[in-house]
Amino acid sequence: MFAEDIIIKPVLTEKGYDGIADKKYTFIVKKDANKTEIKLAVEKIFGVKVASVNTVTCKGKLKRMGRNQGYTPDRKKAIVTLKADSKSIEFFDSLT
């Protein structure tokens, strides 16, 4: 599996913006990726040093359209904390 396949997209929310000052970044990742794979992918793509990775699996919500109903897809979020001596991720620097 390639590093670009593991990291799907960044999460840009108010809670995500608050973590940027502490070098905590949130990403949507593949559901079957583990913490070690996520760490290596972030280090390879952005060229930073990762201190820790926390993951959470978010279940899909029930959505209805008339009498039809279904669930949105499940997703997995990863909160990546960088080391203190590591540089920040440039993509998120322009957002603060």
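The values are calculated or read from the model by the stated rules, or taken from the named source; none is laboratory data. Quantities reported herein were computed from a predicted structural model and do not represent experimental measurements. In this analysis, Cβ positions are derived from the backbone assuming ideal geometry, glycine residues included, and neighbour counts consider all displayed protein chains. To get the accessible areas, we keep the full protein, side chains included, count just its heavy atoms, and leave off ligands, DNA and RNA. Shrake-Rupley method; radii C 1.70, N 1.55, O 1.52, S 1.80 Å.
Couple of notes before you dig in:
- Surface accessible to a 1.4 Å probe, per residue, for the residues of the chain, Å²: 69
- In terms of accessible area, using a 1.4 Å probe and ignoring ligands and nucleic acids, 13, 81 rank largest first as 13, 81.
- Per-pair calculated FRET efficiency, R0 = 30 Å: residue 65 and residue 8 via Cβ, rounded to 0.05: 0.75
- Efficiency of FRET from Cβ geometry, residue 31 and residue 94, R₀ 25 Å, rounded to 0.05: 0.30
- Here the 3J(HN,Hα) profile of the range 10-23, calculated from phi with Karplus coefficients 6.51, -1.76 and 1.60 at θ = phi - 60°, is x, 9, 10, 10, 4, 5, x, 5, 5, x, 4, 5, 8, 6 Hz, Gly and Pro shown as x.
- When a 1.4 Å probe is rolled over the protein heavy atoms, the share of accessible surface on the range 16-96 that falls to carbon and sulfur comes to 50 percent.
- Ordered from largest to smallest accessible area (heavy atoms of protein chains, 1.4 Å probe), the residues 27, 91 come out as 91, 27.
- Cleavage-rule hits, GluC sites (Glu not before Pro), the range 19-90, DSSP coil, Cβ neighbours within 10 Å at most 14: none
- In degrees, nearest ten, helix 35-46 long axis to first principal axis of the chain (Cα): 60
- Contact order for the chain, expressed relative to its length and based on alpha carbon pairs under 8 Å spaced 6+ residues apart, stands at 31 percent.
- Kirkwood hydrodynamic radius of the chain, Cα pairs, Å: 14.3
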